[in-house]
Amino acid sequence: MRHYIFMLGASCLLCSLLCVGHLHGQVSISNSYLQVTMATDTGNLTIATTGGDPTNPADDNLPLNAPAATAFVLRLYNVLTSPSLGASNVDIDLRATGTVGLVTVTVQSQGAVGSTLFREWLIFVPDPITGLLPTTPTLRVVRECTLLGDALELRLRVENRSSITRDIGIGMIWVRGFGGPYAVSTSSVPITGEREVTAYAAMPEAWFALQAPAAVLSVKGTVRPTDGPLPDRLLFANIANLNALTGYGFDYTTLSPFDSVTGAGTGAVGLYWNRLSVPPGRAVTVTTSIGLNLAYGDYRRPFSLRVLPIPPFELQLGDNPLTPEVETAYPTPNPFSVTALVANGDTASAPTTTVTLALPDGLRFAPGETGTKVIPSVPSGGERQVSWQVQIDPGVSGPKEVTVLATNAQGTRQVRLTLLIPAPPTMSLKGGVNLVGFPFLFVNPEPSAALGIPSGSLQLAHYDPRVGDYLIYGRDAAFTRLEPGLGYWLRLPSVQTITLNGVQVPRQDITVPLRRGWNQLANPFPWPILLRGVLEPLVAQGIVRPVMFVWNVDPAIPPYGGEYVALFGTDVQLKPWQGFWLFSEADSTITFGAPSFSGTWRTRQASLSVTATEPSVPNGWAVRWIARSAAGRDAATWIGVSPRAHDGYDALDVPKPPPVPNGLQVRSVVAAGRSAIPLSVDVRPTNSRVAWTLEVVNPAGGEVTLQVENLSSVPRSVHLVLVDPETGQRWALRTTPVVQVLTDARRPKRLQVLAVASNQVPLRVQGLRVVPLRGQGARIEFSVPQPCRVRVQVRSLTGRTIWEAYLNALPGGRQSILWDGRGAHGQPLPLSAYMVVVQAVAEDGRSVQAQTLVR
């Protein structure tokens, strides 16, 4: 059985013509897209296509729902349910009349006016003290369903006619009449299991029901309405779980493992407004729309604006004969058409409507075209369309947003849509090393032939995780072809424009094997793609971690002209030609989906949040290490602590990607059995003493500058020290954040970083002694166990300061300072006994001192 439930509760535009009757009949409205029938005994709605998509006869006369399961439900908070049980919540299924607990529901009127179906309920709520019903209705509820082109606007209005504020909740549940997944506008991942969204910031613009296996029909519902409050919950669930026991979904928590939502008659989507306060004499209105997924739309009465999707552009190789520029390829069709439709849901004809198309840079109107069109009038229940011819400027590619604005005496409607224009097979690359992919299919994938670079000059490498090393073109026999979806290091002597030869635009999904370890990958398509939909299934299975590394091209960083940048999360948009690194915990595959369209929902279309370039360390801290040498720069290593971390390799750690061939790398290493794992992010458990091992790999040999950043995140009570085990040298990182170390090109340089709680290291001045020097003066020697500031004073026996010196950034260990035997102004001092006082102040403010007598 197919179910379809609308649970909405709180708003409706009151129609001036209400009629009673048809207790066991039905009343209908229809247009060229949809027909909606309301049963007059229950108010159930039956929604079906009439013509559906005008270009697709296969979707004519198809039911979208099951009327017996279509319902609006209103929740009343703190209502007296019985004299003995007191007050609780009452859920009213508006399909039924009669009594719910002590609440009485009656139908006052219903009918059809123009393109609108309406139904009116009166609700009588008992007195909270006596339990008696009032003689006049407590609440008046009006539901209006208006056809606006290919969508049905649902509007529910709840009026409070009592003398006290009423708290209500509203929900809408729709159960699909055909099998397939759901989707939302903020993600390209189809939804097959139970899921809910409750945070306002995460609410998508719309949800979609996609038909499987044949996409004959798809349905779109509005989540973010243009009128009325935003629902605070979007729920995808199995309809069996949304019953009276769970408050029709108000009180339902999605199960784990999740029930399927793909079945016909079982997969449900619910919208909930919860909780709304309605003062005495006031009303609240909520709106949503549901209909065919044919266009981008602004569905609001009395008229709506819709813009048809633009079909995918193709890439034609060769020179465009219609432009004066010389090109290697150009997008088609060019010009292309933009079509907008204005539908009238009012009982009278719509007034003159002005419709304007606004274009971004890179797009322009075709000769003779104008940006503004005028529609003289639109009849009641009718629709009118206007179109524009638009040209793409030479060399333009990537996403472009156009805006359509419709204005008349009744208001303004606005629709935005994004066009995806494929990039040409040419790219200007900077001199140095570039991490790239080649976003086309090649007739001849041999690297030299495909790139148009002589084999003797082509410097190309690809990392093979099966052997744990790079394959070099021209050196390794296994490297004979370019593959879509793989990334490559391409080194160029200077800025150069690469023109690919014999290319074809990929139109099918690209699946690439993932090997355990690091994989060098790239965007396989000539348009931007969002990795969220590609990575989320792999992240959910624990195959990959939500972090990747890209190459930031910067000619100011010698010798390779760039450095790694870590991107944390899956909200990463890759440009055409852009490569990246991804670590896999096991052998698997990764699939880059080609853009597929289902009405206004398409894969790779989603909103982007800000991508983090620093790791998140829960309830802890992390510092970043930056290394510089003649072999390049590496600024993608972090060490830190968190109470959620565990010893060894865990979920907070991120492995370190392979360096660019012969490039500099700094990394933390953690033991894993008999081997060690190089890490880019190494988070350890919070302890009084934590130690990391840093490795510096410098193929050039010689001096490497190490710098530590974000020290402000480290608590003042933590003492951070860098130790060179070879030389015994120690650096207090809070006072010496930049150090130089010598490396050997033949092997990694190993260093140790210690984080010690200051309360675990007692501050002392030890071994204070004064060693006289020949002639005049002395060497004052002492030891401190941790970094500190030191003041050394020579005093008379009466306590007067004769000479002093300050040492502001001393590391822990043995220290010494020379005193020339003179006073503060260089004057000779008489032979006498003097007191030498050494005072040390730690980073957390603790201070100690020691003193000794000198003669």
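What the table below lists for this structure:
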| quantity | calculated |
| --- | --- |
| Given charges at Cβ of Lys, Arg, Asp, Glu: region 34-301 dipole, positive-most of 64, 189, 37 | 37 |
| Simple spin-label estimate for residue 230 and residue 129 in nanometres, 7 Å along Cα-Cβ | 4.2 |
| Total charge dipole magnitude, region 34-301, about the Cα centre, Cβ charges on Lys, Arg, Asp, Glu only, Debye to nearest 20 | 500 |
| Eligible aspartates and glutamates near residue 430 by straight Cα distance, threshold 17 Å, same-chain separation 8 or greater | 554, 563 |
| Label point distance in nm, residue 712-residue 662, each placed 7 Å from Cα along Cα→Cβ | 4.0 |
| Between region 285-311 and region 426-454, the alpha-carbon center distance in angstrom | 44 |
| Set of lysines with alpha-carbon distance to residue 373 below 27 Å, sequence-local pairs under 8 removed | 400 |
| Theoretical FRET efficiency, 1/(1+(r/R0)^6), r = Cβ-Cβ of residue 501 and residue 541, R0 41 Å, to 0.05 | 0.60 |
| Peptides ranked, highest mean first, by Cβ atoms within 10 Å: ranges 439-449, 38-48 | 38-48, 439-449 |
| Those lysines that a straight Cα-Cα span of less than 29 Å connects to residue 749, excepting residues fewer than 8 apart in one chain | 656 |
| For residue 191, distant residues with modelled amide H under 5 Å away | 182, 183 |
| Positive-end extreme of charge dipole, the chain - chosen from 821, 743, 690 (charges on Cβ) | 821 |
| Summed side-chain charge close to residue 464 - residues other than residue 464 whose Cβ falls under 14 Å, Lys, Arg +1, Asp, Glu -1 | +1 |
| Under 5 Å, built H, 5+ apart or other chain: amide partners of residue 498 | 427, 428, 429 |
| Length gained when the stretch residue 841-residue 89 is fully extended (0.36 nm per residue, less Cα-Cα span) | 264.3 nm |
| Nearest-20 debye value, the chain charge dipole, Cβ charges on Lys, Arg, Asp, Glu | 3080 |
| Dipole-positive endmost among 549, 578, 589 within region 426-602 (Cβ charges, Cα centre) | 578 |
| Solvent-accessible heavy-atom area per residue, rounded to whole Å², over the chain at 1.4 Å | 41 |
| Protein accessible area in the chain, 1.4 Å probe - carbon and sulfur % | 52 |
| Other-chain or far-sequence residues with amide H under 5 Å of residue 300's (modelled H) | 305 |
| At 0.692 mPa s and 37 °C, Stokes D of the chain from Kirkwood alpha-carbon radius, µm² per second | 101 |
| From phi via Karplus (6.51, -1.76, 1.60), per-residue ³J(HN,Hα) for region 628-644 in Hz, x at Gly/Pro | 9, 7, 5, 9, x, 9, 9, 10, 10, 9, 10, 10, x, 10, 7, x, 8 |
| Length added when fully stretched, residue 389-residue 674, from 0.36 nm per residue minus Cα-Cα | 95.9 nm |
| Inter-centroid distance (Cα atoms) of region 226-246 relative to region 148-190, Å | 8 |
| Protection-proxy order for peptides 517-524, 717-724, 642-649, each taking the mean of Cβ atoms within 10 Å per residue, highest first | 517-524, 717-724, 642-649 |
| With at most 13 neighbouring Cβ atoms within 10 Å, loop GluC sites (Glu not before Pro) (DSSP) excluded, longest segment of the chain | 326-725 |
| Net length gained if the chain between residue 824 and residue 251 were fully extended (0.36 nm per residue, minus Cα distance) | 198.3 nm |
| Rough spin-label spacing in nm, given labels placed 7 Å along Cα→Cβ, for residue 616 and residue 26 | 5.0 |
| Counted charge near residue 182, where neighbours are those whose Cβ lies closer than 14 Å (Asp, Glu -1; Lys, Arg +1) | 0 |
| Hz values of 3J(HN,Hα) by residue in region 40-47 - Karplus curve (6.51, -1.76, 1.60), Gly and Pro given as x | 7, 7, 10, x, 4, 9, 10, 10 |
| Equivalent ellipsoid, region 34-301 (semi-axes from 5 times Cα gyration tensor eigenvalues, Å) | 32, 21, 16 |
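The values are calculated or read from the model by the stated rules, or taken from the named source; none is laboratory data. For clarity, every value in this text was computed on a predicted model and none was experimentally measured. Virtual Cβ from ideal backbone geometry, glycine too; neighbours counted across all protein chains shown. Remember, those area values only see protein heavy atoms, side chains included, never the ligands or the DNA or RNA. Shrake-Rupley method; radii C 1.70, N 1.55, O 1.52, S 1.80 Å.
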